[in-house]
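Colleague: One structure follows; several queries about it will come next.
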Amino acid sequence: MESWQIVLSVSLIIPLVMVIAGICFRNGLPRKVNWWTGYRTSMACKNQDTWVFAHKYLAKLLIPLGLIFIFLVAIFALLAAFGIFTLELLLWLAGAQAIAFFLLSFIPTEMALRKEFDRNGKRRQ
C-alpha cells in the first residue's frame, strides 16, 4: 500500500465511524442502557429515556457531520493528488476531525440532555 493510500484511509476512518454509528443510533442500537457500547456518559445512562434521547440526538449530529468530513477528505485528497496540498495535510485533517467530533457531537448532546432532563434523569416539564 502506498503512502497516499494509508493517509487517505486514516483520514476516512473517523467520518466513516461517525456515519455508521449515527445510523446504528438512529435505528435504536444499542437497545438497553449499558456501559459497553453506545453513548455512555453518566447523564445518558441515567435511565432508558435518557439513553434513547441521547442516541437519537447524537445520530442527528453524527450522520451529517460524518458526511461533511467524507466530502472534505475527498476534496483534500484530490488537491493533494494534484500537488496543491501535501499528504500531511490529510493527517492534520484527521486530527481536526477528532477534535470536531468531540466539540460538535458530544458537547451538544450533553447540553441537550441537561436541557431535556433534570440531574436525576426525569424529563423537565
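The values are calculated or read from the model by the stated rules, or taken from the named source; none is laboratory data. This is a predicted model, so every value here is computed, not measured. Backbone-built Cβ (ideal geometry, glycine too); neighbour counts: all protein chains shown.
Colleague: Can you pull out the residues in region 54-77 that are modelled with pLDDT under 85 and aliphatic (A, V, I, L, M)? Reasoning before the result, please.
Modeller: Let us first name the residues in region 54-77 that are modelled with pLDDT under 85, namely 76-77.
Listed by number, the list holds a single entry, Ala77.
Colleague: Checking the condition touching a residue at least 24 places away in the same chain (Cβ under 8 Å) and either of a type in the set (Gly, Ala, Ser) or over 27 Å from Lys122 (Cα atoms) (or both), which residue from Gly95, Gly66, Gly83, Gly38 passes? If you could, list the steps in order and put the result at the bottom.
Modeller: Values: Gly95 fails: touching a residue at least 24 places away in the same chain (Cβ under 8 Å); Gly83 fails: touching a residue at least 24 places away in the same chain (Cβ under 8 Å); Gly38 fails: touching a residue at least 24 places away in the same chain (Cβ under 8 Å).
Among Gly95, Gly66, Gly83, Gly38, only Gly66 is touching a residue at least 24 places away in the same chain (Cβ under 8 Å) and either of a type in the set (Gly, Ala, Ser) or over 27 Å from Lys122 (Cα atoms) (or both).
Colleague: Moving to a separate point now. What do you reckon, is Ala112 at negative phi, among the aliphatic types (A, V, I, L, M), touching a residue at least 60 places away in the same chain (Cβ under 8 Å) and outside any loop (DSSP other than H, G, I, E, B)?
Modeller: no
Colleague: Okay, next question. Filter region 18-55 down to the residues that are surrounded by 14 or more Cβ atoms within 10 Å (Cβ to Cβ) and among the small types (Gly, Ala, Ser) and list them by number.
Modeller: Listed by number, the residues that qualify are Ala21, Gly22, Gly38, Ala44, Ala54.
Colleague: I'm trying to understand the selection: among the residues of region 61-87, which are among the β-branched types (Val, Ile, Thr) and surrounded by 19 or more Cβ atoms within 10 Å (Cβ to Cβ)?
Modeller: Val73
Colleague: To continue, here is another question. Got at least one residue in region 66-83 being in a helix (DSSP H, G or I), in contact with a strand residue (DSSP E or B) (Cβ under 8 Å, 6 or more places away or on another chain) and hydrophobic (A, V, I, L, M, F, W, C)? Before you say what the answer is, go through the steps one by one.
Modeller: From region 66-83, those in a helix (DSSP H, G or I) are 66-81; that's our starting set.
This time we only want the ones that are in contact with a strand residue (DSSP E or B) (Cβ under 8 Å, 6 or more places away or on another chain), so: none.
The answer is no, given that none of the residues of region 66-83 is in a helix (DSSP H, G or I), in contact with a strand residue (DSSP E or B) (Cβ under 8 Å, 6 or more places away or on another chain) and hydrophobic (A, V, I, L, M, F, W, C).
Colleague: Given Leu12, Leu58, which one is surrounded by 13 or more Cβ atoms within 10 Å (Cβ to Cβ) and without any contact (Cβ under 8 Å) to a residue 60 or more places away in the chain?
Modeller: Unique residue meeting the criteria: Leu58.
Colleague: Are any of the residues in region 39-51 among the small types (Gly, Ala, Ser) and on the phi < 0 side of the Ramachandran plot?
Modeller: For region 39-51, residues among the small types (Gly, Ala, Ser) and on the phi < 0 side of the Ramachandran plot: present.
Colleague: Those residues that are in contact with a Leu (Cβ under 7 Å, 6 or more places away or on another chain) and either part of a loop (DSSP other than H, G, I, E, B) or closer than 26 Å to Asp118 by Cβ (or both), I need them from region 1-50; list them, please.
Modeller: Passing the criteria: Phe25, Tyr39, Met43, Ala44, Thr50.
Colleague: If you don't mind, there's one more thing I want to ask. Select, from Ala100, Ala94, the only residue that is closer than 13 Å to Met18 by Cβ, small (Gly, Ala, Ser) and at pLDDT below 85.
Modeller: Ala94
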